[in-house]
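Notes follow once the structure below has been shown.
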Amino acid sequence: MSRKFFGTDGVRGQANSAPMTAEIALKLGAAAGRYFRRDGGNVHRVVIGKDTRLSCYMLENALTAGLTSTGMNVLLLGPVPTPAVGFLTRSMRADLGIMISASHNPATDNGIKFFGPDGFKLSDEAEAEIEAILEGPMALAPPLEIGRAKRIDDGLGRYVEYAKTTLPRGASLRGLKVVIDCAHGAAYRAAPEVLWELGADVIPVGVSPNGFNINDGVGSTHPKIAAETVVAHGADLGICLDGDADRVQIIDEHGRVADGDQIMALMAARWAMEERLNDGTLVATVMSNLGLERFLQGQGLRLERTAVGDRYVVERMRDRGLNLGGEQSGHIVMTDYATTGDGLIAGLQFLLAMAETGTPASTLTRQFEPVPQKLQNVRYAAGQAPMEAGSVKDAIRAAEARLNGQGRLLIRKSGTEPLVRVMAECEDPALLDEIVAGLVAEIEAAL
């Protein structure tokens, strides 16, 4: 079944433009409500969380109207991290969880992510069925069965307490000075509170949302300010979250940034040593560095690669019964603790390694030497299809031939933005630069 609205991570677009309009959100809410009420019964509830974008108010109200029109009772959580929605959907026995967020995108964008009653993101098939309902006649609830909506105050507190329990009983972060950058996003209250209650000396950054500044020069995609803060305050560590806190970047005491590959390498090695890494296997996407794969092989461990998108990582993990996976971008999925990427809990696991080993972040974030990798994006306009041009296809084939045995090439369209992503890895940095520059030029010429 084809999907018109859903991409690799829910529905996403520019706020107040299709598909991120109040009208479509209302219909989407009604369709999702109808999909999850197919089994009948009297009690149906949905939890809705959001990040700090101005447009979240509009979309929250529209979704609520659509959901209640089909008989769903709506519990509004307010600003909470995406992983909190996954956790609370299951914890509160909801039929459905919804997160309103465009993750690391700017404030002018927004998105809608759906979670099933098990707390995991919906499958492609479920999303396609919701779209089919949306585009057909809507079966609304009779007047006496319209749902109710109310705001709940303890959702954030439940998640804060749960996040703390992911560390061993008695574990403490006392003596660690931590910079936490919340990107003016969904974790601006939860993350500093968790770290402080666990004993850390907390220096918050990006905790003053105003509806417009989410991810603006801060957060996991813009770690410069957090890195400067770490150095200026002599902190032991910096933790950078994105707008909805499902991804993380770690900054060492010298202000150097480590990506998700280094974090996954550390966790995989530690969990394997503790005999808790299921089947000795880590799941990552095709974007993860070749150096990670070689590191794992040296540890007697395996790497399984998936398509880009944390949902595909999670699907592989569930299919294989694996418990650790993620993306280079910083989605770290630990199914022992969470149903989706959780930047805060991943940061806690890193801090636990520091506390237990007495090893500085600069050592723990350098688990392997990365193979030189270069990623460059090419933006295209609606209606353009540069990847279909014959000249681009020829250039890709030629580049793959030159890299044969020396590295990897991955060219793909983004699932969340109108971008072509050109990524290559090669032991020869000069050849790497030449290949990426040539491909970018060919793609731009085809626009």
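The values are calculated or read from the model by the stated rules, or taken from the named source; none is laboratory data. Worth saying up front: this structure is predicted, and the values here are computed from it rather than measured. Cβ atoms come from the backbone with ideal geometry, glycine included; neighbour counts cover every protein chain shown. Surface accessibility is based on the protein's heavy atoms, side chains included, excluding ligands, DNA and RNA. Shrake-Rupley method; radii C 1.70, N 1.55, O 1.52, S 1.80 Å.
Here are a few things to note about the model shown:
- If R0 is taken as 51 Å, the Cβ-Cβ distance between Asp394 and Ser362 corresponds to a FRET efficiency of 0.70.
- Descending semi-axes in whole angstrom, ellipsoid equivalent of the range 15-97, from the Cα gyration tensor: 20, 17, 9
- If the chain linking Thr8 and Arg318 were pulled fully straight, counting 0.36 nm for each residue of separation and taking away their Cα-Cα distance, it would gain 109.8 nm.
- Sorting 9-21, 306-318 by average packing, meaning the other beta carbons within 10 Å per residue, from highest down gives 306-318, 9-21.
- Extension gain (nm, one decimal) between Leu419 and Ser172, 0.36 nm per residue minus Cα-Cα: 84.6 nm
- The tail of the calculated P(r) for the range 102-168, taken as Cα-Cα distances beyond 18 Å, holds 71 percent of the pairs.
- In the chain, the portion of solvent-accessible area held by carbon and sulfur atoms comes to 50 percent [1.4 Å probe, whole percent, DNA, RNA and ligands not counted].
- Rg/Rg_globular for the range 371-447, with Rg_globular taken as 2.2 N^0.38 Å and Rg from C-alpha atoms: 1.05
- Cα pair distances of the chain binned at 20 Å [whole percent]: 25, 57, 18, 0
- Residue-wise HN-Hα couplings along the range 86-103, as the Karplus relation 6.51 cos²θ - 1.76 cosθ + 1.60 with θ = phi - 60° gives them from phi, are x, 5, 6, 4, 6, 4, 9, 6, 7, 6, 7, x, 10, 10, 9, 5, 10, 6 Hz; Gly and Pro carry x.
- Too-long pairs where the Cα-Cα distance tops 18 Å, listed order kept, from Lys50/Lys150; Lys27/Lys413; Lys4/Lys413: Lys27/Lys413
- Each part gets one Cα centre, and for the range 354-381 versus the range 194-247 those centres are 17 Å apart.
- Spin-label proximity, Glu125 to the range 306-327 - amide N less than 14 Å from point 7 Å beyond Cα toward beta carbon: 319
- In the context of the full set of protein chains, residues of the range 214-340 present 34 Å² of accessible surface per residue (probe radius 1.4 Å, heavy atoms only).
- In sequence order, calculated HN-Hα J values of the range 69-80 (Karplus, 6.51, -1.76, 1.60; Hz; x Gly/Pro): 5, 9, x, 7, 8, 10, 10, 9, 8, x, x, 9
- Length released on extending from Ala437 to Val231, taking residue separation times 0.36 nm less the Cα-Cα span: 70.7 nm
- Estimated 222 nm signal from helices in the chain, with DSSP H stretches of n ≥ 4 weighted -39500 (n - 2.57), rounded to 500: -11500 deg cm²/dmol
- Karplus (6.51, -1.76, 1.60) ³J(HN,Hα), θ = phi - 60°, over the range 11-18, in Hz, Gly and Pro reported as x: 9, 8, x, 6, 4, 6, 10, 4
- Take 210-223, 381-394, 408-421 and order them by the average number of nearby Cβ atoms within 10 Å per residue, most first; the result is 210-223, 408-421, 381-394.
- Under 5 Å, built H, 5+ apart or other chain: amide partners of Val205: Ile180, Asp181, Cys182
- Rel. contact order, % - alpha carbon contacts under 8 angstrom, at least six apart, the range 326-391: 13
- Of the peptides 87-100, 344-357, the ranking by mean beta-carbon count within 10 Å, highest at the top, reads 87-100, 344-357.
- Here each label is just a point 7 Å from Cα along the line to Cβ, and for Asn210 and Met273 those points are 4.6 nm apart.
- Computed with a 1.4 Å probe over protein heavy atoms only, the accessible surface of the range 1-154 comes to 40 Å² per residue.
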